[in-house]
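Participant: Sending over a structure as structure tokens; questions will come in a sec.
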Amino acid sequence: MTAITAKVFQSGNSQALRLPKALRLKSSTVKLVRTADGFSVHDEQARASRIRAFAAPGGSCPDFPEVAGNQAANIKRDWE
């Protein structure tokens, strides 16, 4: 994906970011995570939807072996 420029503006006492149509979100809230270069936006509702869609076929193939989930602890980064 190529870089897309977004407009930053003031909305009352808050700063807002106007996303272009190509990046439109269905969720009303998102999670912002500070990174070394700035921040990233995580759409938790979309993530939950993808997880449900991925898990939906579960059990449809009884010969497929059971795969354990990721049991690794979340690693705390020094920029968080």
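The values are calculated or read from the model by the stated rules, or taken from the named source; none is laboratory data. Keep in mind that what you see is a predicted model, and the values were worked out from it rather than measured. Here Cβ is always computed from backbone atoms with ideal geometry, including for glycine, and neighbour counts include all displayed protein chains.
Participant: For segment 19-34, how many residues are surrounded by 10 or more Cβ atoms within 10 Å (Cβ to Cβ) and either hydroxyl-bearing (Ser, Thr, Tyr) or more than 17 Å from the chain's Cα centre (by Cα) (or both)?
Facilitator: Adding up the residues that qualify gives 2.
Participant: Does segment 16-25 contain any residue that is in a loop (DSSP other than H, G, I, E, B), free of Cβ contacts under 8 Å to residues at least 40 places away in the same chain and touching a helix residue (DSSP H, G or I) at 6+ places or on another chain (Cβ under 8 Å)?
Facilitator: There is at least one residue in segment 16-25 that is in a loop (DSSP other than H, G, I, E, B), free of Cβ contacts under 8 Å to residues at least 40 places away in the same chain and touching a helix residue (DSSP H, G or I) at 6+ places or on another chain (Cβ under 8 Å).
Participant: Which condition breaks for GLY12 when tested against (1) at negative phi; (2) more than 18 Å from the chain's Cα centre (by Cα)?
Facilitator: (1)
Participant: Checking the conditions here, which among SER11, SER60, SER40 is among the hydroxyl-bearing types (Ser, Thr, Tyr) and either surrounded by 10 or more Cβ atoms within 10 Å (Cβ to Cβ) or in contact with a His (Cβ under 7 Å, 6 or more places away or on another chain) (or both)?
Facilitator: SER40
Participant: Considering only residues that are in a loop (DSSP other than H, G, I, E, B) and within 20 Å of ALA6 (Cα to Cα), which ones fall in segment 33-61? Write out each step before concluding.
Facilitator: Initial filter on segment 33-61 (in a loop (DSSP other than H, G, I, E, B)): 36-37, 43, 56-61.
ALA36, ASP37, ASP43, listed by residue number.
Participant: Please name all residue pairs, on different chains or six or more residues apart, with Cβ atoms under 6 Å, provided the first residue is in segment 32-53 and is over 18 Å from ARG18 (Cβ atoms) and at pLDDT below 90 and the second residue is not aromatic (Phe, Trp, Tyr) and not in a strand (DSSP E or B).
Facilitator: The qualifying pairs are GLN45/SER27.
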